[in-house]
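The values are calculated or read from the model by the stated rules, or taken from the named source; none is laboratory data. Keep in mind the model is a prediction, meaning the values are calculated, not measured. Here the Cβ positions follow ideal geometry from the backbone for every residue, glycine too, while neighbour counts run over all protein chains shown.
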Amino acid sequence: MVTVAPPGSLGINEILSNARARLVRVGPRETHEAMSRGAILVDIRPAAQRAEFGEIPGAVIIERNVLEWRLDPRSDARLTFAGSYDLEVIVTCQEGYTSSLAAAALQDLGLTRATDLDGGFAAWRDAGLPTTGGRS
């Protein structure tokens, strides 16, 4: 068993820090305002998390495993609204970690306005913004 990291590899904390250094992260209220002017909020959480904790009205559900294909303007599998590189996209997950990695991946595709919701769904809910469903 190899217990020493291979040369050049990065730990997840470094990868997350690198991703966030590229983003202008937005809080729940900023996200709500951005949605009102046409920004797309993308919820990448799996169905089980959405069922347990609830959803944000107006968010587009795109699970993480297909995110890049659905939002890349070059992709044959893109969603109809994803035809422009200047699309304002805000990604959310449950607590704002996976969404940072996902938003950085969208920037790699050329979506320069992609960012994430700082604190994720939990921060949105704690800010008293609208949610639907959920068991907890």
(request) Would you check if T80 is surrounded by 18 or more Cβ atoms within 10 Å (Cβ to Cβ) and of a type outside the set (D, E, K, R)? (result) no
(request) Looking only at region 82-98, decide whether some residue is touching a strand residue (DSSP E or B) at 6+ places or on another chain (Cβ under 9 Å), in a loop (DSSP other than H, G, I, E, B) and more than 18 Å from D118 (Cα to Cα). (result) yes
(request) Residue by residue through region 100-110, note down the ones that are in a helix (DSSP H, G or I) and hydrophobic (A, V, I, L, M, F, W, C). (result) L101, A102, A103, A104, A105, L106
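Being on the phi > 0 side of the Ramachandran plot and either surrounded by 13 or more Cβ atoms within 10 Å (Cβ to Cβ) or not in a loop (DSSP other than H, G, I, E, B) (or both) is the filter; apply it to region 111-136 and report the residue that is modelled with the lowest pLDDT.
G134
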(message) Which count do you get for residues in region 1-38 that are under 19 Å from L101 (Cα atoms) and either in a helix (DSSP H, G or I) or touching a Ser or Thr at 6+ places or on another chain (Cβ under 8 Å) (or both)?
(response) 16
(message) Return the residues of region 39-63 that are under 14 Å from the mean Cα position of the chain (by Cα) and surrounded by fewer than 18 Cβ atoms within 10 Å (Cβ to Cβ); say none if nothing qualifies.
(response) P46, V60, I61, E63
(request) Among what's in region 40-59 and is β-branched (V, I, T) and part of a loop (DSSP other than H, G, I, E, B), pick the residue that is nearest to L101 (Cα to Cα). (result) I44
